[in-house]
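A quick write-up on the structure given underneath.
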Amino acid sequence: MKVPFRGDFLSRLAVVLLISLLLLGFVGPSLPVGDPAAIAFGPRLSPPAPGWLMGTDNLGRTMLPRVLQGIRITFVLAATPVLITSVLAVVIGMLAGYLGGWFDELVARLADVLFAFPSLLLGLILVAIMGPGVRGITAAIILITLPLMVRVVRATTLTIASRDYVAASRVSGASLARLLLVHLLPNIAGAVVVQATFTISVSMLIESGLSFLGIGVQPPVASLGSLVQNGSVYLVQAPWLALAPGVFLALAIFAVNLLGDGLRDRLDPLEAHGLK
Amino acid sequence: MGYLGYLRFAMERLASAILTLLGVSILVFTAIHLIPGSYEAVMLGPQAPEAARERLREKYGLDDPLPQQYMRWLLAFLGGDMGIALCRSQQSIGQQACENADQAPIIAEFARRAPATIQLAFMAAAIANLVGIPLGILAGLSAGSRTVRGSSRAISALGMGIPSFVLGTLFVYVFSVHDLGLTVGGYVPLSEDPEANLRAMVLPAITLSIFGTALFARTTRDAVLTVLAEPFIMAAVARGESPRQIVRRHVLRNAAIPVVTVSAVNMGYLLGGAAIAELLFSVPGFGWYVLAAIHKRDYAVVQAGVLVAAVAFVAVNLLADLAYAIIDPRTIRRGRG
Amino acid sequence: MNHNIRLRFFVFATVALLCIAAASGIAQEASGGTIVWGVKTEATGIDVQTNGQSPSRQLFNFVYEQLVDLDENLNVVPGLAESWEQLDDTTYRFHLRQGVRFSNGREMTADDVVTSFERIIDPDLGSYILNTVPLQSVTKVDDYTVEIGIASPFGAFLSAITTEAASIIPGQEYLEGAFDPTVEMLGTGPFVLEEHLPDESWTFARNPHHWREGLPKADRVKVLIIPEDATMLAALRDGRINIARLESYDALDVLAQIPNVESEVQAITHYWTLHLNSVHPDSPFADPRIRQAINLAINRQQISDLVFGGHEDIAVPAVSTAEPCDTSENPLAQYDPDRAREMIQEAGAEGLTFTLVGRGPSTPIAEVVQAQLGAVGLNPQIEVWDFAEGIQRIYGGFSADKPGEPVASFGFNSSKSAPIFGYQNWAANWMTGVSTLAANEEYRGLVAQANSMNSGPERTALFQRMCEMVYENASHLPILTKGHIIAHRTDLVTVRIQPVEAGGGDFLRFASEFTVLDSE
């Protein structure tokens, strides 16, 4: 893949969008855009104007740095738990799929139980236990997204493990670790990456949903979801407060989804055509 | 295949479902008791004397060991008694404590609120099916055109990407500022006044249906494409079957399985998303009721609510599995996938 | 393909049909004599004698009444009692009005008053009124006369029994078991509860036996529960509701643009406070200089401008009552960030980090205060807690041995119907886990003394001293007043809403006088 996504306009669009968003989120705040926490910087609820390019919120804070910060927070809050979930799912799923037996049964059962639990309620309860803020949200996202990832890893493992060359390696005395790491892992990596990408967009939806219900990151720090929630109170007088973060949020999730589609077509063509 | 084989398959699935539900009940019971902030503190507030709090704990057996409380609750639940809502109303969130006095049986409260949520979910699912599937078939059949292919991918990525509360908020804004015939809020039961009911329910239903529509469209399109690539389609064309016949006989039938899977996923989404739509559009449903109960530490309501939702979800999945087995008997042999 | 076309047509037809139905529907509602009122939160229970939460209390005024009432200046006037005497400093005799009937038709007599008061005097009931006034006994003298005894002299006794907990319930039916106040409402008030759909609506109908001539004017009151402000505004705009109580101060600007709507911020004797835990051994606020500095660093006017659109006033103890504390001479009660910075340096507290807790509506206040305290060298970190969690963690085990967590948190205090009540709250036992003022002998002594006195220059002097102590101790900082935002459709109803009320539930006290206007 020397030229990524050659000939696929949409996937290139996705990459461009994502890179722009990441730049905005991670580099943007270092530029002289203003202090996201400075209250009464401008008159409250002002529409976009030279001093405050995205308007000001109800406490007079300029929105531009807050939205940029929001982009960064949203990405970090979405990606970190997915990273953890992926690692956990790979380990658990591979072992379950490969070893089979009671371990596999147990893992499958636990995944079913978690999966059947209504996700919003699961998120709320976890945040209630662990407290709102980064810890609670991360734990919630991990537990909500883990079952599906485990299932995908396990299913892929089952398919690969039944291949002849794996059996051959086992017969020739390879250790478990070697089998898993050298033979299985590279082959399931594609499916894992695809699933992880979609999981990032799901986790953005979960995080913004929980922020909308008021239990996301703690003020004055805000993710795009909590910015939309704050803005929705002032929708009639100051629609830009909710619109700007809402648009960025939708763009971010949109871009991740497109990227996932593109990766799926390339890395996991079996899944792409529903042949799994 | 034989009815016996199918029956055994169905039994296995049922047993599996029950085990899952048992697991869910244990999980929710444990989880909600881990939340800091106790029920009696919420009920009585800081002003009440310690003795009053003690009495409340005794009254509800909140001092008994957890496994005992769990068994007691489970047995009652299985007998049809979902317990008593410790808090009469759940809608007030924030600074309100709740009073113990009027104890409403949970099952009655659920029954009262269920119609609104069921109607909402049904409407959203109907829209998703009625709009999404035809769109997906269309996109699949016209996939020769690059524009159609590209734009259908983009649209479904967008549809699955807009959070429901963003869309919902937009609707609330547009329809509350301008008088366009559909109301925000103002729910009345369908039996009472169908017009007012639909006027109030159309907006939340549309909000909830966007994700599902995109999902169905994408899945159907993928399935159609896959089927069209199969050799037997070529054979059918060679046999001289008309496009309509091909679509009806082969495409629809084979595309059914992924669509059934995705119905279950959509169901899971609706179970969660309904609560947010209910909040935004003031629909007095079951979802919001259970959500608010978490704030009140109303253990009984949360347990019952989670379990009911899980039952619904598991039931839908079970039906989906059984449906697969009919459509494609090979799945029975393949076992758990 | 056909699906889509048919679907579209169906939607269009339905919408068109609904528009027509809507137009006719609105015209009918207004002429039915129903006051429709939108509120944000559902009542949490209907036992008038124990439920102290304002969403419930606001409903009680439709159905229940008390021996005495408050007028527009929060002075005590006759209610169900026509007149009264104070026999000695712990006994009061009330002469009941004759011909007052409960909504079931039976006349109210002294027996009902006795049963009602006996119920609230019983400590097992746990009524909040016992925290305010030491009721001890009630005796029937004859069919229309009762005597009520209190354990110790209490100057604000009459104000105290205007509260909803002192409502008169039908004694006979209660004792027979035919009336259960925890699940039903039955009183002498202008309306009768007709229907309640939890989380949706309450409907009250005219009480045909109500004793006030010609009242209520409306046939019905319907209370709709609408949690979102935007929906509430939409309902006000289309006339689905004719009175609304809103949360957001910014809604006032939007309301100004809706034709035929009048809105106001009604003051109640509540005010926001910031609690600084001074009891916990690890409290960052152990040094009173730090607490006092925090008070000096808070710019209340800025909070009012940013969070409340400038509509709320700087709070002092007993604000909005007849005798608010005069803090003009008190250097600890001013806005003085420079002095605050000095005091923090003296106390060696530069860069002090602590948790600042916001709960629900106080969260934006927390954000502003965080910035203001940051400007004087402190480092507060915000955490948003929910109600249930907050109670346990902030108040702890309600004693000095089991203190609450060492945090700063927002809450509110209320002077209810008389200045003493606000001061009294801070001497309450359950505050001892939060503030050293609650266990302070001098303060408690002053409160007890002021309780027993009637109004006059001596009592005013006591209030003044108590107020000084509040600012010296600085564990409870009064911040801003907390009012109600009320809006109504001038073309649909006429209302009587007082500029000041004593409690969270009282703004529709005069609902019986509201009239519903016909639409032409």
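A short reminder: the numbers here are calculations on the coordinates, not readings from a lab. Small disclaimer: the values here were computed from a predicted structure and weren't measured. Reconstructed Cβ throughout: ideal geometry from the backbone, glycine too, with neighbour counts over all protein chains shown.
Below are the figures for this structure:
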read-out: Local electrostatic count, residue C:251, Cβ distance below 14 Å [Lys/Arg +1, Asp/Glu -1]; value: -4
read-out: Residue mean of other protein chain beta carbons inside 10 Å, C:37-47; value: 6
read-out: Two-site FRET efficiency, residue C:449 against residue C:399, from Cβ-Cβ distance with R₀ of 22 Å, rounded to 0.05; value: 0.35
read-out: Hydrodynamic radius (Kirkwood) for the range A:216-271, which is based on Cα pairs only, to one decimal in Å; value: 13.0
read-out: Within chain C, helix-based [θ] at 222 nm, where runs of 4 or more DSSP H residues each add -39,500 (n - 2.57), nearest 500; value: -9500 deg cm²/dmol
read-out: Residue with peak Gaussian network fluctuation, chain A [Cα springs, cutoff 10 Å], from A:106, A:88, A:146; value: A:106
read-out: Other protein chain Cβ atoms within 10 Å, averaged over every residue that makes up C:126-133; value: 2
read-out: Order of C:272, C:84 under a 10 Å beta carbon neighbour criterion, fewest first; value: C:84, C:272
read-out: Part-to-part distance (alpha-carbon centres) for the range A:41-72 and the range C:168-202, which is given in Å; value: 51
read-out: Cα→Cβ-extended label distance, 7 Å offset, between residue C:441 and residue B:63, nm; value: 3.6
read-out: Per residue convex hull volume, Cα atoms of the protein assembly as shown, in Å³; value: 195
read-out: Descending Cα extents along the principal axes, chain A, whole Å; value: 74, 47, 30
read-out: Relative exposure of B:276, B:137, A:206, judged by other C-beta atoms within 10 Å (fewest first); value: B:137, B:276, A:206
read-out: Under 24 Å between alpha carbons - lysine pairs in the protein assembly as shown that sit 8 or more apart or on different chains; value: 7
read-out: Cα radius of gyration and Dmax for the range C:366-520 (Å); value: 20.3, 67
read-out: Sorted by Cβ density within 10 Å, fewest first, the residues B:156, A:46; value: A:46, B:156
read-out: Local electrostatic count at residue B:246 - Lys and Arg +1, Asp and Glu -1, tallied over other residues with Cβ under 14 Å; value: +3
read-out: For chain C, the spread of Cα positions along each principal axis, largest first, Å; value: 79, 73, 37
read-out: Cα-Cα pairs of the range C:59-107 separated by more than 14 Å (percent); value: 63
read-out: Rg/Rh ratio calculated on Cα atoms of the range A:177-270 (Kirkwood radius); value: 1.19
read-out: Pairwise centroid distance, computed over Cα atoms, of the range C:120-150 with the range B:266-328, Å; value: 48
read-out: Semi-axis lengths (Å, descending) of the ellipsoid that matches the C-alpha gyration tensor of the range B:161-237; value: 39, 16, 9
read-out: Mean-position separation - Cα centroids, the range C:351-417 and the range A:231-250, in angstrom; value: 29
read-out: Electrostatic dipole magnitude of the protein assembly as shown [Cβ: Lys, Arg +1; Asp, Glu -1; Cα centre; debye, to 20]; value: 7040
read-out: 11 Å beta-carbon shell around residue C:513, net charge (K/R +1, D/E -1); value: +4
read-out: Stokes-Einstein D (µm²/s) once Rh is taken as the Kirkwood radius of the range C:260-308 over alpha-carbon pairs, at 4 °C in 1.567 mPa s; value: 93
read-out: Cα-centred dipole magnitude for the range C:378-464, charges only on beta-carbon of K, R (+1) and D, E (-1), debye, nearest 20; value: 260
